[in-house]
Number of protein chains: 2
Amino acid sequence: MRVVIAKCSVDYDGRLTAHLPLATRLLMVKADGSVLVHSDGGSYKPLNWMSPPCTMAEVAPEADEADEGVAAVWVVRHTKSDDRLRVRIHEVISDTAHDLGVDPGLVKDGVEAHLQALLAEHIHTLGDGYALIRREYMTAIGPVDILCRDQSGITVAVEIKRRGEIDGVEQLTRYLDLMNRDPLLAPVTGIFAAQQIKPQARTLAEDRGIRCVVLDYDALKGIDTTEHRLF
Amino acid sequence: MRVVIAKCSVDYDGRLTAHLPLATRLLMVKADGSVLVHSDGGSYKPLNWMSPPCTMAEVAPEADEADEGVAAVWVVRHTKSDDRLRVRIHEVISDTAHDLGVDPGLVKDGVEAHLQALLAEHIHTLGDGYALIRREYMTAIGPVDILCRDQSGITVAVEIKRRGEIDGVEQLTRYLDLMNRDPLLAPVTGIFAAQQIKPQARTLAEDRGIRCVVLDYDALKGIDTTEHRLF
DNA sequence: CTATGGATCTCGTAG
DNA sequence: CTACGAGGTCCATAG
């Protein structure tokens, strides 16, 4: 990976046309030829970039560019589309390169989908006698995470979040309103299940008759591990 | 901006839990405290990151971390949520900082919205006698870019793209199907307008009776400039 | 291979 | 401020 700190202007032409006026920025050239132009703020999104597969060539500036003080020009072209990036470098402040090797990559864990799968598999976590009807139960306004029955046979809609906040309660409320208008389903009660439940969300949920359940992710995973060990 | 090349492992805990095994990576610390962890490939998205507003603190490793060869630990915490990032640095290969100043920011040009405004202003580009009804004409399935009438008074729905591809034709087709079911609007014809129209898109459009118009962005802008000069 | 939906989405704009 | 839609979306998975 090559990292250059330089005073530069950048022009992109592809899906849209965009221009970055002259300023000092960080330019990152990755092993696959992709280029990122970062400023000293904002989010993780670069000001401008070229995604792989693409090729990067350092060329001499045109006459008019040289007149304006351009020392070097990077021409980056996408291999498939005709997107192109032109980086006009006026002054190089730093230019270094390092061999990083191939990255082993990110390991994700504990996403909502995983929580949902674990809870569906161990639905008794919600209480004795609970029985799964199905995951991702479709309604007109979207899928309910889990639909199940409690010990008395009442239908229960479960909304799962890693972090239980107000918008999750609102979402579940909309599902419950809709489902309770369906005579084939009604009455339907709700459970708001999350690893953490914010006090405001808990208050709102309980005020609406929605039960709150705090999920212990490690415990759910532990049950899983134990069961797998039995085989 | 601080740029560090280091052998490190990273753990994120927030909306999800994620882990990056030990490897050499680029760490970028921006002026607002935000941190980006980049590998030497992939897209512009970092492997892991913390968005502003957040704070970054360099602390001594725990005893068990020190035993595993951790030289320093970065603790990055989001100011509003309790998202946190822990970067365990085993070996620093490079550590530099540069003052980039405030970036003047990206200037976008030629986006679909601008094309739409220009074409609406110069609707006669589509042919003599064309008259604008309105931009962003709302339908149940979304807004039609431009609705106008041709010289014979027939309603025309115009879909605008910078690059005309098949999905744009499909989009316009859906609008036309819907609008032609409305007796107050029908009959409605379609125009697919773009700076470039891919052969497949043109074939599909014309097969469906949709007229294709290639827009000359610079010419439309030129008309604009000329008119402004008149005042 | 393409199609589809989620995202630690980000980013703008309208209300 | 929040809500909503678009993105040079990116990204994984399913088919």
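Select from region A:64-116 the residues that are part of a strand (DSSP E or B) and over 27 Å from A:Thr24 (Cα atoms) and write down the one among them that is least open to solvent (accessible area, probe 1.4 Å). Don't jump to the end; show me each part of the working.
Step one: filter region A:64-116 for residues part of a strand (DSSP E or B), giving A:72-78, A:84-97, A:107-109.
Filter once more, keeping what is over 27 Å from A:Thr24 (Cα atoms): A:107-109.
Working: A:Val107: 77, A:Lys108: 126, A:Asp109: 46 Å².
Top of the filtered list is A:Asp109.
Name the one entry in A:Pro52, A:Pro61 that is more than 16 Å from DNA strand C (Cβ to nearest atom) and not in a strand (DSSP E or B). Spell out how you get there, then give the answer.
Details: A:Pro52 fails: more than 16 Å from DNA strand C (Cβ to nearest atom).
So the residue among A:Pro52, A:Pro61 that is more than 16 Å from DNA strand C (Cβ to nearest atom) and not in a strand (DSSP E or B) is A:Pro61.
Residue under question is A:His124, and the condition is that it be modelled with pLDDT of 90 or more and either at the interface with chain B (Cβ under 8 Å from one of its Cβ atoms) or at positive phi (or both); does it hold? Break it down into steps so the answer makes sense when it comes.
On the way: modelled with pLDDT of 90 or more: yes; either at the interface with chain B (Cβ under 8 Å from one of its Cβ atoms) or at positive phi (or both): no.
For A:His124, the condition - modelled with pLDDT of 90 or more and either at the interface with chain B (Cβ under 8 Å from one of its Cβ atoms) or at positive phi (or both) - is not met.
To keep it simple, each residue is scored yes or no on (1) assigned by TED's automatic domain parsing to the domain that holds B:Thr125; (2) among the small types (Gly, Ala, Ser); (3) surrounded by 19 or more Cβ atoms within 10 Å (Cβ to Cβ).
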{"site": "B:Ala157", "(1), (2), (3)": "yes, yes, yes"}
{"site": "B:Lys161", "(1), (2), (3)": "yes, no, yes"}
{"site": "B:Glu165", "(1), (2), (3)": "yes, no, no"}
{"site": "B:Glu170", "(1), (2), (3)": "yes, no, no"}
{"site": "B:Arg181", "(1), (2), (3)": "yes, no, no"}
{"site": "B:Ala193", "(1), (2), (3)": "yes, yes, yes"}
{"site": "B:Lys198", "(1), (2), (3)": "yes, no, no"}
{"site": "B:Arg202", "(1), (2), (3)": "yes, no, no"}
{"site": "B:Ala205", "(1), (2), (3)": "yes, yes, yes"}
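With the requirement that a residue be among the aliphatic types (A, V, I, L, M), more than 7 Å from chain B (Cβ to nearest Cβ) and open to solvent by 20 Å² or more (accessible area, probe 1.4 Å), what does region A:30-57 give you?
Our first condition is that a residue be among the aliphatic types (A, V, I, L, M); within region A:30-57, this holds for A:31, A:35-37, A:47, A:50, A:56-57.
Then keep just the ones that are more than 7 Å from chain B (Cβ to nearest Cβ); that gives A:35, A:37, A:50, A:56-57.
Scanning region A:30-57 gives A:Met56, A:Ala57.
Within region B:4-29, count every residue that is under 19 Å from A:Leu26 (Cβ atoms), open to solvent by 10 Å² or more (accessible area, probe 1.4 Å) and facing chain A (nearest Cβ under 7 Å).
The total comes to 1.
Would you pick out the residues in region B:120-156 that are more than 15 Å from DNA strand D (Cβ to nearest atom), of a type in the set (A, V, I, L, M, F, W, C) and under 17 Å from B:Val214 (Cα atoms)? Step through it out loud before you land on a result.
Of all residues in region B:120-156, those more than 15 Å from DNA strand D (Cβ to nearest atom) come to B:120-134, B:147-156.
Remaining after also requiring of a type in the set (A, V, I, L, M, F, W, C): B:120, B:123, B:126, B:131-133, B:147-148, B:154, B:156.
Result: B:Ala120, B:Ile123, B:Leu126, B:Val156.
Those residues that are more than 16 Å from DNA strand C (Cβ to nearest atom), of a type in the set (A, V, I, L, M, F, W, C) and assigned to a strand (DSSP E or B), I need them from region A:1-22; list them, please.
The initial filter retains those residues of region A:1-22 that are more than 16 Å from DNA strand C (Cβ to nearest atom), namely A:1-9, A:11, A:13-14, A:22.
If we keep only those that are of a type in the set (A, V, I, L, M, F, W, C) as well, we get A:1, A:3-6, A:8, A:22.
Scanning region A:1-22 gives A:Val3, A:Val4, A:Ile5, A:Ala6, A:Cys8, A:Leu22.
From A:Thr24, A:Thr17, which residue is β-branched (Val, Ile, Thr), free of Cβ contacts under 8 Å to residues at least 60 places away in the same chain and farther than 30 Å from A:Glu136 by Cβ? Before you say what the answer is, go through the steps one by one.
Details: A:Thr24 fails: free of Cβ contacts under 8 Å to residues at least 60 places away in the same chain.
It is A:Thr17.
Report, ordered by the first and then the second residue, all pairs with beta carbons closer than 6 Å, sequence separation of six or more or different chains, a first member in region B:95-115 that is at the interface with chain A (Cβ under 8 Å from one of its Cβ atoms), and a second member that is part of a loop (DSSP other than H, G, I, E, B) and more than 16 Å from DNA strand D (Cβ to nearest atom).
Cβ pairs passing all conditions: B:His98/B:Met1; B:Leu100/A:Asp40; B:Leu100/B:Met1.
Looking at region B:207-219, which of its residues are open to solvent by less than 30 Å² (accessible area, probe 1.4 Å) and not hydroxyl-bearing (Ser, Thr, Tyr)?
First, pick out the residues of region B:207-219 that are open to solvent by less than 30 Å² (accessible area, probe 1.4 Å): B:210, B:212-213, B:215, B:217.
Passing the criteria: B:Ile210, B:Cys212, B:Val213, B:Leu215.
The values are calculated or read from the model by the stated rules, or taken from the named source; none is laboratory data. This structure is a prediction, so every number in the text was calculated from the model and none was measured. Counting neighbours? That spans all protein chains shown, and the Cβs are built from the backbone with ideal geometry, glycine included. With ligands, DNA and RNA removed, areas are computed over all heavy atoms of the protein, side chains included. Shrake-Rupley method; radii C 1.70, N 1.55, O 1.52, S 1.80 Å.
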